[in-house]
Each structure stands twice: as structure tokens, then as C-alpha cells.
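Here's the structure, in C-alpha cells; my notes come after.
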Amino acid sequence: MLAFYLVAETNGLYRSWRGAPLRQELATAITSWVVAAPVLLLVAFLSKTSATYSRFVVVAWFFLAPTFIVLFRMAARAALVELRRRGRNSRSVAIAGLTPMAERIAEPIVSPPYSGMRIVGFYDDRRPGRSHSMPDSYGVFAGDLDQLVTDAKEGRVDRVYITLPLKAEPRINQVVRRLADTTATVFVVADFLVFDLLHAQWSSVGDVPVVSIFDTPFHGVSGWLKRLEDIVVGTAIVLLISLPMLAIAAGVKLSSPGPVFFRQRRYGLNGREIRVLKFRSMTVCEDGPVVTQAQKGDQRVTRFGALLRRTSLDELPQFLQVITGEMSIVGPRPHAVAHNELYRSKIHGYMLRHKVKPGITGWAQVNGWRGETDTVDKMARRVEHDLEYIQNWGLLWDLKIILLTVIGRKKGLNAY
């Protein structure tokens, strides 16, 4: 109990979940258990007490404990819903600022039934018509910011969400200082959505809080987990494909004159140049300032190379680069340096795909966005999928992409 409590407290499980989705609460509980259980097993091993318990009991405990934790929290949430349906355990909410962010804040408050929060009104110095239009179902316009302070002082407001834009810093500072004379809980909602966020998260420099606008998801435990996935899965795949690779190498050598392998300069993690290894599938090995992408019916592609490209077997040598750490199994596909320099000036956020290691397969590829990108729009769609992957990375998503690479219906689209 102590070990779980310490892990869960660090993980933020024992905070107020009012207004937060149930799935987020349950995911935090399960994550806390996944971390605490190995700690307990390690303690049992080091103290030589693991033999006291049968393996059946340990395995049953490992799965049943989180199951009952989840069931308990679901029951507690259901009980709170019933209380709030009867008007108990609720909080009155005021939103300062008629802005698009105010609508985003209001939507999850009014949408889930019995969230435990009730919007008493929106407050803004600007009258409706000069400010963002809010759906009537979300709440009423209750007055200006002076009225907000008055209502908070009179106890009609429990929580205040300030959703004014970042450029209104003087107004935000003024209303925060005035609300300090009330007992309302005050939240400032920073409108970072004016930026194109990529895995934004809070951090600090000394004791100064900062928020990252562009960042990688592979810090700390996530980075180690991603690397462990690459080493374990990559090593297993290399063992499985060793003999097929020998056969493919022989096929390349016998089917056309030239080297077995083709190395091309591409951008890797943080834009550093790497040389990607592939089985040669063309009669040329282009790697200059201009690289022409393969097209349908391309005369440069050998007959054996066409089979390799259609089935992606020409990419198999890159699993060796996964083990060495230059690449990852799943990630944005690396492009030739010439293509990077071409598209980075045409597509906003193009270079952000290099915040993670390049992959052998990726979210764009399993959705059919592979092969020739003869228009900027096609490349933009590929980049869009790459950034979506970086923003929402998860281990299960990696496994899903690997599975879709093998059996997905779109895996062979545009492969020339």
C-alpha cells in the first residue's frame, strides 16, 4: 500500500478529477500500478521473500489488484454522478472572456452529464457582438469583469476560468489581483493554441515554469521504452530475416550490375545527417543535390527491384540501423536531403518531423501516404500524419502500425 501510494501520489492520481474524463483517471491508476508492481517484486527478490508466495498468487494479484482499483474508481465516479444529479457536490463556474478558448473550456463542462460543475455565466468587458459568439446552451452573458469580481465576493462563484488572450496580459493581471480578495479558485487558461503545438508540456528553468511549444515525446521513461521496443523487436526481426536478406542480396546481384546495397544521405534525429541503407532496386544510385523520386513505370527500377519496392523488402537492411540506434522501427520515414531542403521552405512545420528518430514504417505509410510526392499537397498530408504520430505517440500505437505494415490494406499504395 505504501509503495503504490508513493507512486500514485507522484503520478498525480490523488488529485481532484472533477471535470476530467474517466478514461484519463483510469489510465493514471493503471500506469501507477504498472510502475508500483515491479518495485514490489524487486523488493521481494532483494529481501529473499519472493519464495514465500506461490507463483499463482503473485500472477493473480498482479492482474486482480488493478482490476479492483479500476472498478472502485468507476463505482466512486458513478456515486458522484448520482450525488451531482441530485444537486449535491457541485461547483459554480464563471468564465472570464468571451473567446474561442472560453468555448473550448465550456464544452466539456456542459457536455458530460453531471460533471459536478455548473456555468453561472460568461463575463467580458466587451459586449456580445464585439466578442466571440457563444452557444446559448453553454450559458448566459452575466456582465463585465467588475460584475465577476462582485459575484465572486458574494460567494456566487466557486471557480473562475480566465480565458482572455495572451495579448491581454494587463487585463488578466488586473482581474487576478482583484479576485485575490475573494475565496474563488482561479485558473488562468493560457491560449497556447495560437501556436501549432507539438507535444507541449510544462517544465521549469530553476524555479521559473516554462512550457515547450515544440518538443519530442521521448524524454525519460518514454525514451527508454521506445529504445527498448526497438532493441527487442528489432533484434527478433533481424534474426527472422537473416536468411531472406541473404537471398535478396543474391537476387539483387544477379538481376543487374552494381552494388547490393544503396546508401543515401537523409536527415535523422534533430536534423543530423545519416546514411540510410537499402537494397539497391534501381540501375542508378542517386544522392546528389537533385534526386528524382520513383514514378509509376520508372525505367530506372529493375524488375527485381520493382518487387522489392512494392513489398518494402528493400528496406530490410535498415533494421540493422534500428539496433545501432540511428533509426527506429516506427517513425516518420526519412527523405533524401535534397527533398528535405526543397520541402522545408514550402510546408510549415516540415522539420518538426525530425524531433524523433526516422522509422522504417510510420503512420503516414500505413495510411497510403508513401511513394512519389509529385505535389506539395501530397507531401503536406504525409507530414500531417507524421506530426500526428509524434503528438500522440504510445507503445500500443507503435504495435498497431507494425501490424498494419504487415497486413494493412493501404500498405502497398503508391509503391513504385
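Values computed for the structure shown
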read-out: Qualifying residues in segment 317-356 (those that are within 15 Å of His385 (Cα to Cα) and of a type in the set (Lys, Arg)) - the one surrounded by the most Cβ atoms within 10 Å (Cβ to Cβ); value: Arg353
read-out: Any chance Tyr114 is at pLDDT below 90, within 21 Å of Leu22 (Cα to Cα) and of a type in the set (Phe, Trp, Tyr); value: yes
read-out: Helices (runs of 4 or more DSSP H) completely within segment 337-416 that count 1 or more residues being closer than 17 Å to Pro217 by Cβ and at pLDDT 80 or above; value: 363-366, 376-391, 395-407
read-out: Filter pass, Pro334 being in contact with a Phe, Trp or Tyr (Cβ under 9 Å, 6 or more places away or on another chain) and within 18 Å of Gly394 (Cα to Cα); value: no
read-out: Test set (1) modelled with pLDDT of 85 or more; (2) under 20 Å from Leu396 (Cα atoms) - Arg23 fails condition number; value: (1)
read-out: Answer residue from segment 212-222, given it is among the small types (Gly, Ala, Ser) and farther than 25 Å from Leu166 by Cα and is modelled with the lowest pLDDT among those; value: Gly220
read-out: One residue from Leu41, Leu80 being over 23 Å from Gly116 (Cβ atoms) and surrounded by 12 or more Cβ atoms within 10 Å (Cβ to Cβ); value: Leu41
read-out: Identity of the residue in segment 175-184, in contact (Cβ under 8 Å) with a residue 12 or more places away in the chain and of a type outside the set (Asp, Glu), that ends up surrounded by the most Cβ atoms within 10 Å (Cβ to Cβ); value: Val175
read-out: Residue in segment 52-69 that is assigned by TED's automatic domain parsing to the domain that holds Glu9, within 30 Å of Ser90 (Cα to Cα) and of a type in the set (A, V, I, L, M, F, W, C) present; value: yes
read-out: Residues that are among the hydrophobic types (A, V, I, L, M, F, W, C) and over 14 Å from Pro66 (Cβ atoms), drawn from segment 4-35; value: Leu6, Trp17, Ala20, Leu22
read-out: Filter pass, Ala106 being within 22 Å of Glu25 (Cα to Cα), part of a helix (DSSP H, G or I) and at pLDDT 90 or above; value: no
read-out: Options Arg84, Arg73; residue that is touching a residue at least 40 places away in the same chain (Cβ under 8 Å) and either among the basic types (Lys, Arg) or out of contact with any Ser or Thr (no Cβ under 7 Å at 6 or more places or on another chain) (or both); value: Arg73
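Residue-wise test of (1) modelled with pLDDT of 90 or more; (2) assigned to a helix (DSSP H, G or I); (3) assigned by TED's automatic domain parsing to the domain that holds Asp386; (4) touching a Phe, Trp or Tyr at 6+ places or on another chain (Cβ under 8 Å).
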site	(1), (2), (3), (4)
Val210	no, no, no, yes
Trp224	no, yes, yes, no
Asp230	yes, yes, yes, no
Thr235	yes, yes, yes, no
Leu240	yes, yes, yes, no
Leu243	yes, yes, yes, no
Ala247	yes, yes, yes, no
Gly251	no, yes, yes, yes
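The values are calculated or read from the model by the stated rules, or taken from the named source; none is laboratory data. Not measured: the values here are computed from a predicted model. Reconstructed Cβ throughout: ideal geometry from the backbone, glycine too, with neighbour counts over all protein chains shown.
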